Amino acid sequence: MSVYKWLDERLDLDRLNKKFMRKAFPVHHSFFLGEIALFSFIVLVLTGIFLTLNFEPSTRMVKYEGQELPAAYVSVLYIDSLPFGKVIRSAHHWAAHIMVASVFLHLLRILISGAYKKPRELNWLLGLALLGLTVVIAFIGYSLPFDAFSVTATQIGYGIGKSIPYIGDWIAQVVFGGEYPTLKSIPRLYALHVLWLPLLLMALIGLHMLIMIKQKHTQPKYAEEVAPGKILGVPMMPMQISVMSILFLLYLGVLFILAGAIIAHPIEVYGPPGTSTPALKPDWYFLWIYGILQIIPSTWQIPLPGGASITSEFIGGVLIPGILGLVAVLLPFLDGRKTKMRYVELPSQHPMRTSVTVGLLFFFFVATFAGWKEEFGMTNAQLWAMLIFIPLGAWFVTYVLMRQIWGKEG
Ligand code: HEM
């Protein structure tokens, strides 16, 4: 008796096959972005397991080659000395970059194709939570090796968290275990990075997938012409699974070539934390916030009752990203529809949505550029002017272009 038959008699696999494995998946490369985010998460968990087996989440001082160094830092040096240790750690780090990038691009795909509309509002909201969690987990990951870079980068995050009026101190206690860096900081951040936040992420990804399967994908535009009213795509088994497996293998190939060629976060280059603060810039996905913080004068302070105040750190690090987040949360309710959406919308069909998205992207680019204020010798006034007028210009040009394209197509 075959293994399949043996299992089928016990688990009714045939029924499961008919119910799930015949699901149709649209064939379009833009749908790969969510899958790449998923692959990154799997790789992060697997490489992360290897790292946890060798990492010591502690800042106690230990003797290493005649020097007194934090145990966390020494354990990362130890990981790097293991066979393939450096490559696996590097792959973990690169997979985090790829995950943040693919989640963001996936969000952009959903945004410009209108896939956030009825009935997919819930998955849009869950997606926003997934993006937030991904970025927070990546940020916490930085703190763990406890090198000079980690400590400075975490201090910036700590300052932003603490700047939230009234609840900042409480957040600092919960996330950082007190005034960062205390002895409790690394064990606390470690537990959040390897256990609680990934568990939450896993549960939310599971829910995201279930809802997506239940609601079915939006259909690419061509499906409306080829087979109106029908779900067009390839079945999960064997085609979609094969496509996904090939994509996963490609992903692994590219990731490990990258990880081997460019070792991410070489801690011996940064060295252990010392008395001088290294000049550094955060990762690319935080640079826009860093840039905004650079051009907000520290004199921007608004006193609040009870001794609290709104500081420049709060405005750049919490308020501006918070307003963008709130607009994203409200989007499916402000720009919804009455009937269920089946086919993706073309960017040119919605000139305002597309042009505002492009304007926002330019806002992120210019804010990122502001992170090099000193290197380019620019003033705050110049950068503020760029931050306001370049995105507005990009919005206007895109709007006119989209109107023209849709005029020709429509
Ligand atoms: C850990 C992060 C995420 C993972 C692993 C993930 C995974 C996926 C996958 C595999 C799909 C199906 C394929 C596709 O449409 O690309 C999907 C669909 C979807 N995702 Fe995500 N996603 C994540 C984050 C997000 C974010 C940030 C948003 C938006 C805020 C979002 C909103 C949606 C929506 C609305 C769909 C249905 C799209 C459609 O039917 O066209 N997801 N997600």
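Could you go through the stretch 175-198 and let me know if any residue there is within 14 Å of the ligand (Cβ to nearest atom), assigned to a helix (DSSP H, G or I) and in contact (Cβ under 8 Å) with a residue 40 or more places away in the chain. Yes, the conditions are met somewhere in the stretch 175-198.
Assessment of the stretch 294-306 against the conditions (at positive phi and not assigned by TED's automatic domain parsing to the domain that holds Gly371) yields at least one matching residue. Within the stretch 22-54, the set of residues being more than 8 Å from the ligand (Cβ to nearest atom), under 22 Å from Tyr222 (Cβ atoms) and either at pLDDT 95 or above or part of a helix (DSSP H, G or I) (or both) comprises His29 only.
Got at least one residue in the stretch 1-11 being small (Gly, Ala, Ser) and either assigned by TED's automatic domain parsing to the domain that holds Gly177 or surrounded by 20 or more Cβ atoms within 10 Å (Cβ to Cβ) (or both)? Looking through the stretch 1-11, none of the residues is small (Gly, Ala, Ser) and either assigned by TED's automatic domain parsing to the domain that holds Gly177 or surrounded by 20 or more Cβ atoms within 10 Å (Cβ to Cβ) (or both). In the set (1) without any contact (Cβ under 8 Å) to a residue 24 or more places away in the chain; (2) touching a Gly at 6+ places or on another chain (Cβ under 7 Å), the condition left unmet by Leu287 is number (1). If you go through the stretch 94-105 and keep only what is within 16 Å of Tyr251 (Cα to Cα) and either near the ligand (Cβ under 8 Å from one of its atoms) or crowded, with 18+ Cβ neighbours inside 10 Å (or both), you end up with Trp94, Ala95, Ala96, Ile98, Met99, Val100, Ser102, Val103. The number of residues in the stretch 110-124 being surrounded by fewer than 17 Cβ atoms within 10 Å (Cβ to Cβ) and either without any contact (Cβ under 8 Å) to a residue 24 or more places away in the chain or in a helix (DSSP H, G or I) (or both) comes to 2.
Within the stretch 44-60, the set of residues being closer than 19 Å to Leu201 by Cβ, touching a residue at least 60 places away in the same chain (Cβ under 8 Å) and over 20 Å from the mean Cα position of the chain (by Cα) comprises just one member, Thr52.
The values are calculated or read from the model by the stated rules, or taken from the named source; none is laboratory data. This is a predicted model, so every value here is computed, not measured. In this analysis, Cβ positions are derived from the backbone assuming ideal geometry, glycine residues included, and neighbour counts consider all displayed protein chains.
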